[in-house]
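Okay, so here's the structure we're looking at.
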Amino acid sequence: MLTIFVSRSCLIAVVVVVVCLCACYPYPVSKSELGKLRSGYSTREDVRKALGPPQEIQLDGNVWHYYRTKNPRSLYIYFTTNGLYSSYEEDE
């Protein structure tokens, strides 16, 4: 009985770790997803729908940072002070 309990506990722990890692792992953003955004028109919610949640938010929410698995490694999304999409920048 102890062996079954330990095995089940280990399996649950492994599943939890894998799910957490997958949820945090950055995914590539395609040009078609970026093409959905319109400067001065798209809102933060539009960006979130197109690209998903950012991994980091900087400068009072006016810069969203997405980490990516391929080059360029970083994508920065810039917003106006009114919360509208302004532009993006890719960085290696």
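The values are calculated or read from the model by the stated rules, or taken from the named source; none is laboratory data. Note that the coordinates shown come from a computational prediction; the quantities given were computed from them, not determined experimentally. Here Cβ is always computed from backbone atoms with ideal geometry, including for glycine, and neighbour counts include all displayed protein chains.
Yes or no: E33 modelled with pLDDT of 90 or more and either more than 12 Å from L75 (Cα to Cα) or surrounded by fewer than 12 Cβ atoms within 10 Å (Cβ to Cβ) (or both)? Spelling it out, it is not the case that E33 is modelled with pLDDT of 90 or more and either more than 12 Å from L75 (Cα to Cα) or surrounded by fewer than 12 Cβ atoms within 10 Å (Cβ to Cβ) (or both).
Counting only residues that are of a type in the set (D, E, K, R) and touching a strand residue (DSSP E or B) at 6+ places or on another chain (Cβ under 8 Å), segment 37-60 holds 4 of them.
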